[in-house]
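Reviewing the structure listed below.
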Amino acid sequence: RGTELHVCPYEVTRLSLARSTIVVTTYHYLLDENSRSILLPTDTPLTKVVAVIDEAHNIRDFVSGSSTIKLSLSDIESCIEDARSLFLPHICSAMSQIGQRASKFCSENDHWLINKRSFVTAITGDRSKEWLSDLVFQLSTNSGVAWYSVATNKNLPTSIIKTSNFLNALLVSLDSEDIVLSKSESTLFLVDTNPAKRFSTATEGLRSLVLLSATINPSGLFLQSIGLDQSSTMVHSAVTDYKFRVRTVVDTAVTTRFKMRTADMYSSIAQRIAAVCNSVSGGIGVFFPSYAVLEPTRNHLASQMERDATLRARRTVLV
């Protein structure tokens, strides 16, 4: 559809959300605050929304990771250079001072956990916090100028935007105990230590929330870690009396090693695939290490299928 309209497929998909009943997407569009409005516009009644989250055991790591903001000392240096190339002398000068002070502060503090207010005091020097707030505002508004750099064939200085986002998040989180400031040798991190609160806020008001996962254990601890009330959350465990019989066979006569990839080897692999197909019931999925192995093997398998009616009738998927 995107090809027909000469429009980016993402835009076609996004516009179709308004008239869609079921949407299959990634975690970001539900759990990330900045992307949520794309999936759920402000006029969408949440009481009509049922969210089904697969691979739910990854939720805590996802929320924590998506809310972590980092800024390296090299990012600050890039911001200074980009500000200079865009003829923004005030920003260039201010960021040079901040970069020097941040580097000095990090080298003088061995502990990985940093007091946020102490860090702000260190990078502002004898200036007030309001000076830093004004600088963040200038960074955010001047980031729009960055788009004009395209016309001058310069790289888009995302470093200005990145630095602005980090400093803004730092100032906003000064009174928050959940957001901590940490450092490595050359990088600063703003980390949300309470992803449960963020997840609860993102899913609050939904008609229903269904979490699917085969590896959540123990379920009570998991629910607590993402801020769900154990007493009001229904937990269903799938129990079956069916006993699976799984047989593992390793065939050492064939290999996909690069030096051993020959027409004869591909033919041998195809013969073994055909033997498996003729020995078991149900569909068959065959997984290859690369297209370079898949394509010639498929050609040999196709030749065998022409000679074998039983094999021809089987549903075989090569991946």
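With all pairs of separate Cα atoms included, segment 160-291 yields a Kirkwood hydrodynamic radius of 21.7 Å. Highest mobility in the GNM of the chain, judged by mean-square fluctuation with C-alpha springs under 10 Å and restricted to Phe137, Phe87, Phe244, is found for Phe244. Where (i) 0.97; (ii) 1.00; (iii) 1.10 are the candidate values, the label of the one calculated here for Rg/Rh (Cα atoms, Kirkwood Rh) is (iii). What does the helix-only formula give at 222 nm for the chain: each DSSP H stretch with n ≥ 4 adding -39500 (n - 2.57), the total divided by the residues, and the result rounded to the nearest 500 deg cm²/dmol? Helix-only estimate at 222 nm: -14000 deg cm²/dmol.
If r is the Cβ-Cβ distance from Val120 to Arg272 and R0 is 51 Å, what FRET efficiency results, to the nearest 0.05? That pair, Val120 with Arg272, gives E of 0.20. Computed with a 1.4 Å probe over protein heavy atoms only, the accessible surface of the chain comes to 66 Å² per residue.
Segment 200-238 and segment 14-65 have their alpha-carbon centroids 16 Å apart.
Against the criterion of solvent-accessible heavy-atom surface with a 1.4 angstrom probe, Leu211, Leu223 sort, most first, into Leu211, Leu223.
Pairs of Lys residues in the chain that lie 8 or more places apart, or on two chains, and have C-alpha atoms under 26 angstrom apart add up to 22.
If you sort Ile114, Ile216 by accessible surface, 1.4 Å probe, largest first, the order is Ile216, Ile114.
The values are calculated or read from the model by the stated rules, or taken from the named source; none is laboratory data. If you're wondering where the values come from, they're calculated on a predicted model, not measured in any experiment. Don't worry about glycine lacking a Cβ; one is built from the backbone with ideal geometry, like all the others, and counts go over all protein chains shown. Accessible surface areas use protein heavy atoms only, side chains included; no ligands, DNA or RNA. Shrake-Rupley method; radii C 1.70, N 1.55, O 1.52, S 1.80 Å.
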